[in-house]
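Beneath this line is the structure, given in structure tokens, with notes to follow.
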Amino acid sequence: MSMVGQAVHILQAGGVVAFPTETVYGLGADARNPDALRKIFAAKQRPIDHPLIVHLANVDQLSDWAREIPPVAFALAEAFWPGPLTLILKKAPGVSDLVTGHQDTVGLRIPRHPVAQALLRAMGGGIAAPSANRFGRISPTTAQAVREELGDAVDWVLEGGECEVGLESTILDLSGEAPVILRPGMLDVKQIEAVLGQALRQASQDSPRVSGSLESHYAPQTKLTLVNSDDLVSYVKSIMDKPIAVLTRSSFPIQHPNVYIVSMPVDATHYAHDLYRVLRDLDKKNLQQILVEEVPNNSEWAAIQDRLKRASR
Ligand code: TXA
Ligand code: MG
């Protein structure tokens, strides 16, 4: 049996399978099987009331999961699916409370990674999948990272190389009066606004149960601190009696055995692609602290800035 065939077999038997998407690796289970869904929460040690995204093979499946779908959802699907966009819609009857977190809405996405597509087509139905990390930690962007995170808690890991995007999907809530971004992703807000024909609001800090909006989310174990470019050198000098790492986007004037310098890409697309892998690697080095040079404050960098702010303390 092919790898994908094997994975479908496990999913249909109520198991959990990690699989690659273009954003990050997901931890999948049959979205119609409550016992399988519970295994996701157990494996991740994730609070049971946090809703899951249901991944679909094609747009025809939308009405199996959502009701009162606004026309704009189809326009967005046409423009961005398959791809790194999650739509929050009013849920169809019968969607499990384990998927929705007891809300009246459901998160839906059609990923474009070829392995995810093959898996979803072969499965026929929806696959519920959060990122394949333990709760509160960095999302995995390689199969190896999934194995390190979840070990025996996952029945099967589908190999799909390094994730193309590297950060989680943009979440757009279409269930209310006006569309709202609940989580920025690498899909530029301006592109979404062009399809919507209107400007978008960011979610207020206390809005719905998006676990990504918890403060200490997407964090490495090592203390991470965001530092203004102008203050970076003096900050490094003040703490380099211990081993530290510095993520910079420019050349860095200090050479010191305690200072591990990571030259990050200067463009947002490549920076996003590398970020979680870099942080995961640094987390293994027993460093005192990771300093990250602040990134530009514009829409291209919004998702990166969002994740760095959540990771920093
Ligand atoms: O890129 C991604 O979105 C990845 C890949 C695997 O698709 N998935 C992912 O899932 O990041 P997760 O569970 O780690 O993050 C999804 C976020 C969570 O913060 C969850 O609370 C939110 O989506 N979410 C899911 N359904 C929702 C709903 N009905 N209303 C509000 N937020 C929802
Ligand atoms: Mg996650």
Original post:
About its Cα centre, what dipole magnitude does region 1-155 give when the only charges are +1 on Lys and Arg Cβ and -1 on Asp and Glu Cβ, stated in debye to the nearest 20?
Top reply: 160
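If the limit is 19 Å between Cα atoms, which of LYS190/LYS309; LYS90/LYS309; LYS242/LYS284; LYS223/LYS284; LYS285/LYS309 go over it? Working shown, then result.
Numbers: LYS190/LYS309 22 Å; LYS90/LYS309 30 Å; LYS242/LYS284 16 Å; LYS223/LYS284 13 Å; LYS285/LYS309 22 Å.
Going by Cα-Cα distance, LYS190/LYS309; LYS90/LYS309; LYS285/LYS309 fall outside the 19 Å limit.
Quickly rank 10-20, 172-182, 273-283 as a protection proxy: mean count of other C-beta atoms within 10 Å, highest first. Could the numbers behind the result be given before it?
Numbers: 10-20: 22.1, 172-182: 17.8, 273-283: 20.0.
Highest-to-lowest ranking by the protection proxy: 10-20, 273-283, 172-182.
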Subject >> Of ALA43, ALA153, ALA31, the one that fluctuates the most in a GNM where the chain has Cα springs shorter than 10 Å >> reply: ALA153
**OP:** Could you go through region 6-21 in sequence order and give the Karplus-derived ³J(HN,Hα) for each residue, using 6.51 cos²θ - 1.76 cosθ + 1.60 with θ = phi - 60°, rounded to whole Hz, and x for Gly and Pro?
**Re:** 4, 4, 5, 4, 5, 4, 5, 8, x, x, 10, 10, 8, 9, x, 10
**OP:** With a/c under 1.5 counting as rounded, go ahead and sort region 251-313 into rounded, prolate or oblate using the C-alpha gyration tensor (a ≥ b ≥ c being the square roots of the eigenvalues; past the cut-off, prolate if a/b is larger than b/c, else oblate).
**Re:** prolate
Original post:
Farthest toward the dipole's positive end in the chain, which of TRP65, PRO140, ALA272, given Cβ charges of +1 (Lys, Arg) and -1 (Asp, Glu) about the Cα centre?
Top reply: PRO140
Original post:
So what J values fall out for region 74-82 if you push phi through Karplus, 6.51 cos²θ - 1.76 cosθ + 1.60 with θ = phi - 60°, rounded to Hz, Gly and Pro as x?
Top reply: 6, 5, 5, 4, 4, 6, 10, 9, x
Original post:
Taking amide H positions as placed 1.01 Å from N in the peptide plane, with prolines and chain starts having none, which residues 5 or more places from ARG183, or on another chain, fall under 5 Å of its amide H?
Top reply: ILE171
**OP:** List every residue whose amide H lies under 5 Å from the amide H of TYR260, counting only residues 5 or more places away in sequence or on a different chain, with H placed 1.01 Å from N in the peptide plane.
**Re:** ILE244, ALA245, VAL246
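Among 60-67, 48-55, how do they line up by average Cβ neighbours within 10 Å per residue, starting with the highest?
Numbers: 60-67: 16.6, 48-55: 21.5.
Packing proxy ranking, top to bottom: 48-55, 60-67.
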**OP:** Give me the angle, in degrees from 0 to 90, between the Cα long axis of helix 34-44 and the longest principal axis of the Cα atoms of the chain, rounded to the nearest 10.
**Re:** 0
Subject >> Using θ = phi - 60° and Karplus 6.51 cos²θ - 1.76 cosθ + 1.60, couplings along region 119-128 (whole Hz; Gly, Pro as x) >> reply: 5, 5, 5, 5, 6, x, x, x, 10, 6
Subject >> Percent accessible area from carbon and sulfur atoms, the chain, protein chains only, probe 1.4 Å >> reply: 49
**OP:** Please list, in chain and number order, the residues 5+ apart from HIS113 or on another chain whose amide H is under 5 Å from its amide H, with Hs placed from the backbone.
**Re:** GLU22
Original post:
Mean separation of Cα pairs under 8 Å and 6+ residues apart, divided by the residue count of the chain: what relative contact order is that in percent?
Top reply: 20
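Give the shape of region 10-53 as rounded, prolate or oblate, defined through the alpha-carbon gyration tensor: a ≥ b ≥ c are the square roots of its eigenvalues, a/c under 1.5 means rounded, and otherwise the shape is prolate if a/b is larger than b/c and oblate if not.
Working: a/c = 1.77, a/b = 1.10, b/c = 1.61.
Judged from the Cα gyration tensor, region 10-53 comes out oblate (a/c at least 1.5, b/c at or above a/b).
The values are calculated or read from the model by the stated rules, or taken from the named source; none is laboratory data. Keep in mind that what you see is a predicted model, and the values were worked out from it rather than measured. Note that we place each Cβ from the backbone using ideal geometry, even for glycine, and neighbour counts take in every protein chain shown. Quick note on the areas: whole protein, heavy atoms, side chains included, nothing else; ligands and nucleic acids left out. Shrake-Rupley method; radii C 1.70, N 1.55, O 1.52, S 1.80 Å.
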